[in-house]
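Input: a single structure, listed below in structure tokens.
Every number in this text was worked out from the coordinates using simple rules, so none of it is lab data. Please read all numbers here as calculations on a predicted model, not as lab measurements. All Cβ positions, even for glycine, are placed from backbone atoms using ideal geometry, and neighbour counts span all protein chains on display.
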Amino acid sequence: MKTSPAKKLAKLHNRFEPLAPERVAEILRILERSYPSVRCALHHESAWQLLVATILSAQCTDVRVNLVTPALFKKYPTPASLAKLEPEALEPLVRTTGFFRNKAKNIVGAARKIMQQFDGAVPEQMDDLLSLPGVARKTANVVLGSWFGRGEGIVVDTHVHRISRRLELTRSDNPKHIELDLMRIIPQVKWIDFSHQIIHHGRALCVARGPKCAECPLESRCHAADKTWSTVEQHKGAKGKKG
Ligand code: SF4
């Protein structure tokens with residue numbers, strides 16, 4: 001049976017637009033209401049400490065990093081104290097965070113570069129941060145946003161990656177492209193808070209396996225294919241992180 005023109009038009013008007021400004025604004029409002037004052041979970045008291053903690057957090061939980069950093073910062077409080085070390089001397093202190101040889105090498109390398117080129121202070125510019133060993137956009141965005149209060153990009157960690165795909169704010173599986181997709185649709189003043197809120201949401205409810213959709217404040221706006229409970233149509237293409 002043929003669909004009438006009116007039905008076709010209605011279908012067209014009801015078409016789901018995942019990037020519609022009003023939908024994105026509503027998602028941001030719900031996140032703000034649900035997680036009004038969430039901040040970076042990595043314990044730190046300086047830009048340097050936050051940089052080190054973020055390097056250590058790759059493939060590791062923030063809880064584990066927070067267990068490791070007090071002894072590390074007590075023994076080596078500044079870039080100057082770490083720049084003198086050989087990375088091997090740092091390895092025992094960071095071993096439990098995984099990939100510890102690489103992390104120790106990057107932390108000592110970053111300390112040396114900061115001493116040699118940035119007068120001992122963590123730089124505040126994205127390009128300068130990206131020139132440090134072990135620092136890619138995610139780490140640079142964490143330091144710029146959470147310490148310097150500069151929203152120059154959006155932190156795309158595993159939670160932001162997964163949830164942005166479930167909410168259909170991106171179709172990409174590549175963190176660089178995901179960040180660009182998010183920067184196009186989210187107002188810049190929200191970039192810092194959005195990452196914190198989504199990361200918190202990913203830990204609390206929208207976990208990788210078995211998300212707690214029945215408790216989720218975004219449930220009626222989320223069409224993810226891997227929802228565990230749904231009041232709305234689920235979309236095959238809306239899935240969390242691949243792999
Ligand atoms: S409804 Fe489920 S899948 Fe969607 S954002 Fe909430 S917890 Fe995540």
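Label separation (S34 vs K242): 2.6 nm, computed from points 7 Å beyond Cα along the C-beta direction.
Bridgeable aspartates and glutamates around K239 (alpha carbons under 19 Å apart, same-chain partners fewer than 8 residues away excluded): E17, D157, E168, D173, E179, D181, E215, E219, D226.
Farthest toward the positive end of the dipole of the chain, out of V232, Q125, A25, is the Cα of V232, where the dipole comes from beta carbon charges about the Cα centre.
As a footprinting exposure proxy, order V38, V207, V63, V160 by other Cβ within 10 Å, with the fewest listed first.
V63, V207, V38, V160
Charging the Cβ of each Asp and Glu at -1 and of each Lys and Arg at +1, and nothing else, the dipole of the chain about its Cα centre rounds to 1020 debye.
Extension gain, E86 to R171, is 26.3 nm, computed as 0.36 nm per intervening residue step minus the present C-alpha separation.
For the set K74/K103; K74/K190; K74/K241, the pairs lying more than 27 angstrom apart at their alpha carbons are K74/K190; K74/K241. Ranked by how many other Cβ atoms sit within 10 Å of their own Cβ, fewest first, the residues E179, E152 fall in the order E152, E179. Treat each spin label as a single point 7 Å out from the Cα along the C-beta direction, and report the H43 to Q59 distance in nm. Between H43 and Q59, the simple spin-label model gives 2.5 nm. Measure nothing fancy, just the Cα-based angle from helix 21-34's long axis to the longest principal axis of the chain, in degrees from 0 to 90, nearest 10. Once rounded, one gets 60 degrees.
Taking Cα pairs under 8 Å and at least six residues apart, what relative contact order does the chain come out at, in percent? Could the numbers behind the result be given before it?
Details: 319 pairs, mean separation 42.4, N = 243.
Taking the mean separation of contacting Cα pairs over the length of the chain, I get 17 percent.
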